[in-house]
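The values are calculated or read from the model by the stated rules, or taken from the named source; none is laboratory data. Just so it is clear, the model here is predicted, and its values are computed rather than measured. Note that each Cβ is placed from the backbone with ideal geometry, even for glycine, and that neighbours are counted across all protein chains shown.
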Amino acid sequence: MSLNGKVALVTGGAQGIGRAVVQSLLQSSAKVAMVDLNKDLGEECKAQLDAEFGEGNCTFIECDVANGDALRDTFQNTVDQFGHLDIVINNAGITNEKDWEKTIQVNLTSVIKGTYLALEHMSKENGKQGGTIINVSSMAAFMHSPHQPVYTATKHGVIGFTRAMADAAIQGDYGVRIHALCPAFVDTPLLQSVEDEDNMGKFVKFKDDFKRSMSKFGVLQPSLIAEGMMRLITDTSLHGAVMKITCSKGIHFHTYEPMSA
Ligand code: NAD
């Protein structure tokens, strides 16, 4: 499906899963703001994407999503450059159990902030045209991970926040579809960081357990995660979806029992 005329903002877009979805969005003719902390990587990535898709379709914005003011400016900058906003993918994430407060800030607080900023620019409540938000969680939200307790907590938090906001969007008639995406292990540089004491602190001793899980469950390619994201963006029947992507079942959805008293 063509996304011609649509504008997307992807955090953590210069590498790994974010990079793969930036590529898919450009292939579908969307304009894309690729937001990332890593300036060198972002500029290199933009040059490659300009060569492939032509200049003017992708912009790189250097931003630490944990800096609320900078994130606000980044959203405004995107709208100033491309005129409006239709798709926001809150994807930037880290795994750092040593600096666990930073992990909460990047993986959860910034996703909340990114969702609120997206709504400021897209919600019908604010006189805008509607859109789609995807918040990146993880299969860690459905499993116990001895090596990543705070990472796991943040990914649980992303699902809870996203589902509640999806309900708010429906009841408040925001015209914005809000989803959570939960990939299993994906072949990106983030996977290497879990073997590093600087990132994992005392939990690094559980790295063999982590590697065993990886060989048991397998490792996905970022392109499949991008495919899942594109389905969430283009299938307008989906709202408040919790998409899971695993090696054994591919792209599928988590279902919840209806609440009973
Ligand atoms: P990655 O480390 O390969 O890429 C993350 C990108 O985010 C990098 O370009 C990095 O520079 C950027 N980034 C990090 N902190 C940032 C910040 N504060 N501000 C702006 N940009 C920042 O990681 P990935 O594997 O592509 O992960 C993307 C998302 O997917 C994360 O939320 C991660 O938790 C989630 N996820 C990853 C896996 C996996 O196995 N790789 C599995 C499930 C979920």
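Could you figure out which of (1) over 28 Å from Gln129 (Cβ atoms); (2) away from the ligand (no atom under 12 Å from the Cβ); (3) assigned to a loop (DSSP other than H, G, I, E, B) isn't true of Ile94?
Exception for Ile94: condition (2).
Being crowded, with 23+ Cβ neighbours inside 10 Å, at pLDDT 95 or above, under 19 Å from the mean Cα position of the chain (by Cα) and under 19 Å from Thr154 (Cα atoms) narrows it down to one residue among Ala14, Ala92, Ala33, Ala66; which is it?
Result: Ala92 is the single residue among Ala14, Ala92, Ala33, Ala66 that is crowded, with 23+ Cβ neighbours inside 10 Å, at pLDDT 95 or above, under 19 Å from the mean Cα position of the chain (by Cα) and under 19 Å from Thr154 (Cα atoms).
Of the conditions (1) more than 27 Å from Ser237 (Cβ to Cβ); (2) surrounded by 14 or more Cβ atoms within 10 Å (Cβ to Cβ); (3) more than 16 Å from the ligand (Cβ to nearest atom); (4) of a type outside the set (Asp, Glu), Arg163 clears all except one; give me its number.
Every listed condition holds for Arg163 apart from (1).
Considering only the stretch 188-215, state which residues are surrounded by fewer than 16 Cβ atoms within 10 Å (Cβ to Cβ) and either on the phi > 0 side of the Ramachandran plot or modelled with pLDDT of 95 or more (or both).
Gly201 - this is the single residue of the stretch 188-215 that is surrounded by fewer than 16 Cβ atoms within 10 Å (Cβ to Cβ) and either on the phi > 0 side of the Ramachandran plot or modelled with pLDDT of 95 or more (or both).
Any chance the stretch 126-145 includes a residue that's more than 16 Å from the ligand (Cβ to nearest atom) and part of a helix (DSSP H, G or I)?
Checked against the condition, which is being more than 16 Å from the ligand (Cβ to nearest atom) and part of a helix (DSSP H, G or I), the stretch 126-145 yields at least one hit.
Name the one entry in Ile178, Ile225 that is in contact (Cβ under 8 Å) with a residue 40 or more places away in the chain and more than 12 Å from the ligand (Cβ to nearest atom).
Exactly one residue qualifies, and that residue is Ile178.
When the residues of the stretch 69-89 are filtered to those that are of a type in the set (A, V, I, L, M) and not in a loop (DSSP other than H, G, I, E, B), which remaining residue is surrounded by the fewest Cβ atoms within 10 Å (Cβ to Cβ)?
If we take residues in the stretch 69-89 being of a type in the set (A, V, I, L, M) and not in a loop (DSSP other than H, G, I, E, B), then Ala70 is surrounded by the fewest Cβ atoms within 10 Å (Cβ to Cβ).
So Glu52 clears everything in (1) out of contact with any strand residue (DSSP E or B) (no Cβ under 6 Å at 6 or more places or on another chain); (2) under 20 Å from His121 (Cα atoms); (3) part of a helix (DSSP H, G or I) except one condition, right? Which one?
(2)
For the structure I just gave you, tell me whether His239 is part of a loop (DSSP other than H, G, I, E, B), touching a strand residue (DSSP E or B) at 6+ places or on another chain (Cβ under 6 Å) and closer than 20 Å to Ala8 by Cα.
Here the answer is yes, as His239 does meet what is asked.
For the stretch 16-34, enumerate the residues that are outside any helix (DSSP H, G or I) and either more than 11 Å from the ligand (Cβ to nearest atom) or more than 20 Å from Asn67 (Cα to Cα) (or both).
Ser28, Ser29, Ala30, Lys31, Val32, Ala33
Determine, yes or no, whether Lys249 is charged (D, E, K, R), surrounded by fewer than 13 Cβ atoms within 10 Å (Cβ to Cβ) and either within 14 Å of the ligand (Cβ to nearest atom) or within 29 Å of Asn38 (Cβ to Cβ) (or both).
no
Just for the stretch 17-30: of the residues that are among the small types (Gly, Ala, Ser) and more than 13 Å from Pro222 (Cα to Cα), which one is surrounded by the fewest Cβ atoms within 10 Å (Cβ to Cβ)?
In this case the residue turns out to be Ser29.
Where residues in the stretch 1-15 are within 6 Å of the ligand (Cβ to nearest atom) and in a loop (DSSP other than H, G, I, E, B), which of them is farthest from Val65 (Cα to Cα)?
Applying the filter and picking the extreme gives Gln15.
Counting only residues that are more than 25 Å from Leu119 (Cα to Cα) and within 15 Å of the ligand (Cβ to nearest atom), how many does the stretch 35-77 have?
Going through the stretch 35-77 one residue at a time, the tally reaches 11.
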